[in-house]
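Remarks on the structure that follows.
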Amino acid sequence: MDRLLYTALSGANVAQQQQQIHANNLANVNTEGFRADFALAQQQALSQRENETRILSAEQPSGVDLTTGAIQSTGRNLDVAIQGHGYLTLVTPKGEAYTRDGQLMVDQQGQMFAHGYPVAGDNGPIVLPPFSSVSIGADGIISIVPQESGNTTPIEVDRIKLASPAAASLSKNEQGLLVSSNRTNPVDETISLASGHLEGSNVSAIGEMLASMALNRQFEAQIKMMKTADDLASAGNQLLRNS
């Protein structure tokens, strides 16, 4: 079979895979703290010959767009948005994970979590004692008013671990959280939080729709090339039969 068919097929496969990435980005346009994925591909020569002109397309692991999203006020004490660089640190079975989605929850046992994972503090996962009110400072310090103590003065109980892993070390895991090639990263004291706010997705809906339209046209062009390759092969076979 003519190698043109393989070249066109590789291009169609990459276009389809990239379409899935853009569709996932578009589906998360309203997901707090979501970071868009980059669709990446690399050219690959069909053979190692110096005069090789046939080039295949090979998909690469997607990259992550780390630009910040818009910050909106929610008024909820357990909502936090990171101002500028940095991430909230979560504790997972495979090590630390990072997110900018500051929708924090506290369960009945007092454990603070986000995305279903415990939030890391100064000494491991954060567990709060019973409280009547809670607040989070710009430096990540958590203060509570103890429940049924008669004391109305807030007391500091823990601090959210805020980290700034190197951008080059970050990738996404199966849950959509950012993970670093370093299993742990140190606390970054310069990171600042805005309590009562959340950061939105950094996905551009218009940009993703335009990219999807361009990929549709690219996929159609590759399919036409495959049909052309098949027609050329059929014509060649017909000539051989007639000779």
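The values are calculated or read from the model by the stated rules, or taken from the named source; none is laboratory data. Being a predicted model, the structure only gives us computed values, none of them experimental. Cβ coordinates were reconstructed from backbone atoms using ideal geometry, including for glycine residues, and neighbour counts include every protein chain displayed. Side chains are part of the model used for accessible areas, which takes the heavy atoms of the whole protein and leaves out ligands, DNA and RNA. Shrake-Rupley method; radii C 1.70, N 1.55, O 1.52, S 1.80 Å.
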Listed candidates [x] 42, 18, 13; [y] 53, 17, 13; [z] 25, 21, 18 - label of the one calculated as semi-axes √(5λ) of the Cα gyration tensor in Å: [y]
For segment 111-243, how big is the tail of P(r) above 22 Å, as a whole percent of Cα pairs? 63
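Pairs of Cα atoms under 8 Å, at least six residues apart: use those to get the relative contact order of segment 108-211, whole percent. Please report the intermediate quantities before stating the final value.
Values: 140 pairs, mean separation 20.8, N = 104.
For segment 108-211, the relative contact order is 20 percent.
Can you give me the % of accessible surface on segment 129-170 that is carbon or sulfur? Probe 1.4 Å, all protein chains present, nothing else counted. Intermediate values should be presented prior to the final figure.
Working: 1130 of 2160 Å².
In segment 129-170, the share of accessible area belonging to carbon and sulfur is 52 percent.
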Ignoring solvent entirely, what values of log10 I(q)/I(0) come out of the Debye formula for segment 132-200 at 0.12, 0.18, 0.19, 0.22 Å⁻¹ when each Cα is a single scatterer? -0.48, -0.84, -0.88, -1.01
What do you get for the angle between helix 205-242 and the principal long axis of the chain? Use alpha-carbon atoms, 0 to 90 degrees, nearest ten. 20
For a quick check, take a GNM of the chain with Cα springs below 10 Å and name the residue from PHE34, PHE113, PHE131 with the largest mean-square fluctuation. PHE131
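Could you tally the net charge around ASN28, taking each other residue with its Cβ under 12 Å from the Cβ of ASN28, Lys/Arg +1 and Asp/Glu -1?
Working: positive: ARG35, LYS172; negative: GLU32, ASP37, ASP65, ASP101, GLU208.
Neighbourhood net charge equals -3.
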Name the long-range amide H neighbours of ALA163: under 5 Å, sequence gap of 5 or more, or other chain; modelled H, no Pro or chain starts. TYR87, THR89, ASP188
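For segment 109-159, take N as its residue count and report Rg(C-alpha) divided by 2.2 N^0.38 Å. Display every interim value, and only then the final one.
On the way: Rg = 11.1 Å, N = 51, 2.2 N^0.38 = 9.8 Å.
Cα Rg divided by the expected 2.2 N^0.38 Å: 1.13.
Using the 2.2 N^0.38 Å rule of thumb for compact globular proteins, work out how segment 64-115 stacks up: its C-alpha Rg over that value, please. Working shown, then result.
Details: Rg = 12.4 Å, N = 52, 2.2 N^0.38 = 9.9 Å.
Against the compact-globule rule of thumb, the ratio is 1.25.
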Average Cα contact separation per residue, the chain, under 8 Å, 6 or more apart, as relative contact order %: 28
Below 15 angstrom from the Cβ of ALA70, what's the summed charge of the other residues (Lys, Arg +1; Asp, Glu -1)? -3
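Keeping all protein chains in place, calculate the accessible area per residue for segment 185-243 (probe 1.4 angstrom), answer in Å². Numbers along the way, then the final one.
Working: 3740 Å² over 59 residues.
Computed with neighbouring chains in place, this is 63 Å² per residue.
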